[in-house]
Structure formats: structure tokens, C-alpha cells
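Working notes, structure below.
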Amino acid sequence: MRKVVPGELLGLGEYEAIRPRFRERIIAHKRARRVALGPEMTLLFEDHDTVLSQVQEMLRAERISMPSAIDDEIAAYNDLVPPDGGLLATLMIEIEDPEVRERRRREYVGLDESVTLELGSDVARGSFDAAGRWPDRVAAVRYVTFALGPDARAKLLDETVPARVVVKHPIYEAVAELGPATRRSLAVDLDPRNAASEIR
């Protein structure tokens, strides 16, 4: 999938003027890409637009306008754009009580081997970022990539093929069936026309 490039970004004043409409669109876009994994975890599938939104919001919050600093933000967030032929998501451990949340972070060691995306009989094990992993705990926000087969897009568009995300950890299990809106949105990610390798 194509990365965010500097020419797409609006200046601080321009962005402020259109921000309410832009955010409304992004919120609706994310709604189809957000998947609840039981009561304590949420998965948000990232794409070019979610990353563009995060960069714009960071520039606004930090009042960043220098081109070199903008390039740094783009480089950092572009790591969340999914690779061609795959999906990338942010997995969040969402527990309000800080003591419970910290306990869970220790109890969820091994989560890296416990999340899969299933499309019919095909099972893609999630590959987690190393930065959020320690010997005794996991980060509350993790990034996970699913490498998929060449027919994954067709399977997402065929609603007779089951599609779900599964967590199977010794102390936490969840199954989230992907609904029609989510399937359609993720199929766009896998459209060969959106591949970075196809964009000149």
C-alpha cells in the first residue's frame, strides 16, 4: 500500500479549516476497521488514510511546520501502512483500571504467538513488533502484521467464506467475526491497484 508523502499534508492553517470534516470522515472510516476482541482488547486495521490522519493530528498537536521535522513524523508513522499483500493493525489492551491493566500486561506475555487472522481454511499468524515486547510484560499498544495469500482479497469479498480474528492465549480467548463493512474495507487494502509497487 502506498505510503504517506509530504505533498499530501496540509499546512497547519489549512488543516485547521477542514479538520472537523476530515475527522468526521476518518472516524467513519475507522469504525468499519475497528474490531472488538472480547472485553479487554481492540484491533484497529491501519491503512494510508488512518496514518495520514495520525500525521496531521501530530503536526497540529506539536505545531510542527519545519520540513525536516515533518519528514521525521512521516517516516515514523509510515511504518503503520500495511505491506503490499498484507494487513497491519494496532492491537490495544483497553482496561480503565491502571492496576488491572498493569497486571494484565504481565499476564499477557506470550500474546505474540496467540493472534491469528482466519480466512476460511487459511490461517495467518500475527507478527508483532519487537518494540512492544519485554521478557516480563507486553506493551498496552502493539502493532501486528498479517501476511496473506494471493486469494485473500477474493475470500474477504466472498461472504460465504468465514473471516475472523482469533486470540487464543492461556488466560484470554476471543473470536471476532469480521462483518461485511470490515471485509469490504480490508479488501481495498489488498487491491493490487493500491499496492506501493504499482504506484509510479
query: Which condition number does Y108 fail, the rest of (1) in contact with a His (Cβ under 8 Å, 6 or more places away or on another chain); (2) loosely packed, with under 13 Cβ neighbours inside 10 Å; (3) of a type in the set (F, W, Y) being met?
result: (2)
message: With under 16 Å from the mean Cα position of the chain (by Cα), surrounded by 16 or more Cβ atoms within 10 Å (Cβ to Cβ) and within 15 Å of L43 (Cβ to Cβ) as the only criterion, which of L186, L190 stands out?
response: L186
- request: Within region 91-105, track down each residue that is surrounded by 19 or more Cβ atoms within 10 Å (Cβ to Cβ) and in contact with a helix residue (DSSP H, G or I) (Cβ under 9 Å, 6 or more places away or on another chain).
  value: L91, I93
task: Could you identify the single residue in E173, E177, E118, E159 that is touching a residue at least 60 places away in the same chain (Cβ under 8 Å) and acidic (D, E)?
output: E173
- request: Only residues that are of a type outside the set (V, I, T), in contact with a Gly (Cβ under 7 Å, 6 or more places away or on another chain) and within 17 Å of D47 (Cα to Cα): list them for region 145-168, please.
  value: F146, A147, L148
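Okay, residues lined up against (1) out of contact with any Leu (no Cβ under 6 Å at 6 or more places or on another chain); (2) over 29 Å from A187 (Cβ atoms):
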position	(1), (2)
D84	yes, no
V100	yes, yes
L119	yes, no
G126	yes, no
V144	no, no
A147	yes, no
D158	yes, no
message: Here is a list: E62, E46. Which entry is of a type outside the set (K, R), surrounded by fewer than 19 Cβ atoms within 10 Å (Cβ to Cβ) and either farther than 30 Å from P170 by Cβ or out of contact with any Gly (no Cβ under 9 Å at 6 or more places or on another chain) (or both)?
response: E62
query: So which of R125, R137 ends up being among the basic types (K, R), within 28 Å of A76 (Cβ to Cβ) and out of contact with any strand residue (DSSP E or B) (no Cβ under 9 Å at 6 or more places or on another chain)?
result: R137
field: strands (runs of 3 or more DSSP E) lying entirely in region 111-183 (those with 2 or more residues that are surrounded by 19 or more Cβ atoms within 10 Å (Cβ to Cβ), modelled with pLDDT of 95 or more and basic (K, R))
entry: none
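The values are calculated or read from the model by the stated rules, or taken from the named source; none is laboratory data. Please read these numbers as outputs of a predicted model, since none were measured by experiment. Because the Cβ atoms are built from the backbone with ideal geometry, glycine has one as well, and the counts that use them run over all protein chains shown.
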